[in-house]
């Protein structure tokens, strides 16, 4: 017997179906929008049932898979490995899905997350079916989302039919955490009226026509926990470098005493770096971001963060247990928005965010690669890092100076893939120090990057490359035939270090 608090519309209680029946409605060639953002609030039951149906019937079926961002293995692993997924948009970080993309089995479009809603709204990618996880359904048939905003609302707006996965495992007191706002069509919309991080401008539910809800699947599968690596000596040093940079900005009058609103990217490094604020003097911090990770809630508990606006609760199992399942404690301090609002350039610029994101590698001129290993293989998507980097008050990228025990330098002559060009990047931070690129010409940037961010074992090679490039002249000196030589060396020899020179010196 379904709790009437979960489905308050009496007519919709008659549309409860099994995941298997709902999966039978998915047809070959459809574009399917799954709720979910960083494996939070994603619709999992129908995806698994669809894969089981295809396997049982031995009847190949292909669909285009749209989401908010990364989603649980029940969607990305299951649908890519089963051959059902032919197309993926706009972000992923799943190992199996990544492998299928790199093999060419899945066509993948990597897109700035703030732009997704307009892609669907303008009909570029038609949505046949939206499969959306819900906490509850109102008397009017409106949908209360669970732990992510993502593209849920735009999927419901644009889809011909909606399948709701009603997750009774998610605590009902999450109801009200969302602020769903539709800015309207491009060319017809007004300013988005967010002037403070805690401004509410929409509704706590997604308005839908109940007639579009074809079926409701009851589930109790909680979010897939995020695996976050604990802070270590390197990330603690990066955090200290970040905090010291902010202190210097305040001391020199470029930032006010009350720290402006922050944004922090997804992942273990960004999460670990954010822990640096726990031991700092900064108080009353506000956050306007796309993901709210473990460190955010530890900072709230410590009284460091007064309010956090995001797009999803991206948490470890420990934090799911302590935060999501005991959410009354945080209800007046946290707000979730659709990603076209959480990542909106207009709002980012108005609030004047200090944006902190993670790089895979960057080069001596400040170009940043966030997504591709050795230029070819996709690791994850660009996500919202481009939205925040281009529009932030200060755009900061953090990373370790080396990887794989020193076999890879994160600082290279030329990045093997450009996600964020030198024109958008202000500050680079590694455990070695801080490179402030603001106002610097390309040649001046080189010295700042090598001296302050590169690992000492790679500095001589970087200087050697730059001196050869400098002899050829140019506004941004390069040795084109050697620009990717470090990546080539790693592929061929397993290290970016020029061992021939090391042996000669020995």
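Residues in the stretch 42-59 that are within 18 Å of the chain's Cα centre (by Cα) and without any contact (Cβ under 8 Å) to a residue 24 or more places away in the chain: 0 in all. Listed conditions (1) within 30 Å of residue 325 (Cα to Cα); (2) buried (at least 22 other Cβ atoms within 10 Å of the Cβ) are all met by residue 127, apart from (1).
Please state which one of 426, 498 is in the same structural domain as residue 383 (by TED's automatic domain parsing) and touching a residue at least 24 places away in the same chain (Cβ under 8 Å).
On the way: 498 fails: in the same structural domain as residue 383 (by TED's automatic domain parsing).
Among 426, 498, only 426 is in the same structural domain as residue 383 (by TED's automatic domain parsing) and touching a residue at least 24 places away in the same chain (Cβ under 8 Å).
The set of residues in the stretch 305-323 being at pLDDT 95 or above and surrounded by fewer than 19 Cβ atoms within 10 Å (Cβ to Cβ) consists of 306, 307.
Candidates 496, 457: the one that is in contact with a strand residue (DSSP E or B) (Cβ under 6 Å, 6 or more places away or on another chain) and either within 22 Å of residue 385 (Cα to Cα) or part of a loop (DSSP other than H, G, I, E, B) (or both) is 496. Go through the residues of the stretch 32-39 one by one and say whether even a single one is at pLDDT below 95, under 24 Å from residue 121 (Cα atoms) and within 24 Å of the chain's Cα centre (by Cα). Taking every residue of the stretch 32-39 in turn, at least one turns out to be at pLDDT below 95, under 24 Å from residue 121 (Cα atoms) and within 24 Å of the chain's Cα centre (by Cα). If you go through the stretch 435-451 and pick out every residue that is touching a helix residue (DSSP H, G or I) at 6+ places or on another chain (Cβ under 9 Å) and surrounded by fewer than 17 Cβ atoms within 10 Å (Cβ to Cβ), you end up with 3.
If you go through the stretch 258-279, how many residues are more than 18 Å from residue 388 (Cα to Cα), at pLDDT 95 or above and touching a helix residue (DSSP H, G or I) at 6+ places or on another chain (Cβ under 7 Å)? Full working, then the answer.
Residues of the stretch 258-279 that are more than 18 Å from residue 388 (Cα to Cα), as a first pass: 258, 268, 272, 275-279.
Then drop every residue that is not at pLDDT 95 or above, which leaves 258.
Then drop every residue that is not touching a helix residue (DSSP H, G or I) at 6+ places or on another chain (Cβ under 7 Å), which leaves none.
Residues that pass the stated criteria total 0.
Hey, does the stretch 167-177 have a residue that's in contact with a strand residue (DSSP E or B) (Cβ under 6 Å, 6 or more places away or on another chain), under 21 Å from residue 76 (Cβ atoms) and at pLDDT 95 or above?
At the first step, the residues of the stretch 167-177 found to be in contact with a strand residue (DSSP E or B) (Cβ under 6 Å, 6 or more places away or on another chain) are 167, 175, 177.
Then keep just the ones that are under 21 Å from residue 76 (Cβ atoms); that gives 167.
Remaining after also requiring at pLDDT 95 or above: 167.
Looking for residues that are in contact with a strand residue (DSSP E or B) (Cβ under 6 Å, 6 or more places away or on another chain), under 21 Å from residue 76 (Cβ atoms) and at pLDDT 95 or above, one finds at least one in the stretch 167-177, hence yes.
The residues listed here are 326, 343, 369, 357; of these, the one that is surrounded by fewer than 18 Cβ atoms within 10 Å (Cβ to Cβ) and not assigned by TED's automatic domain parsing to the domain that holds residue 72 is 326. Residue count for the stretch 223-259 under the criterion of being surrounded by 18 or more Cβ atoms within 10 Å (Cβ to Cβ) and assigned to a loop (DSSP other than H, G, I, E, B): the result is 7. One residue alone among 116, 105, 81 is within 26 Å of the chain's Cα centre (by Cα) and closer than 21 Å to residue 387 by Cα, and that residue is 116.
Have a look at 95, 56, 5 and point out the one that is closer than 29 Å to residue 205 by Cα and surrounded by fewer than 19 Cβ atoms within 10 Å (Cβ to Cβ).
Details: 95 fails: closer than 29 Å to residue 205 by Cα; 56 fails: closer than 29 Å to residue 205 by Cα.
Among 95, 56, 5, only 5 is closer than 29 Å to residue 205 by Cα and surrounded by fewer than 19 Cβ atoms within 10 Å (Cβ to Cβ).
The values are calculated or read from the model by the stated rules, or taken from the named source; none is laboratory data. The model shown is predicted, which means the values in this text are computed figures rather than measured ones. FYI the Cβ positions are ideal-geometry reconstructions off the backbone, even for glycines, and counts take in every protein chain you see.
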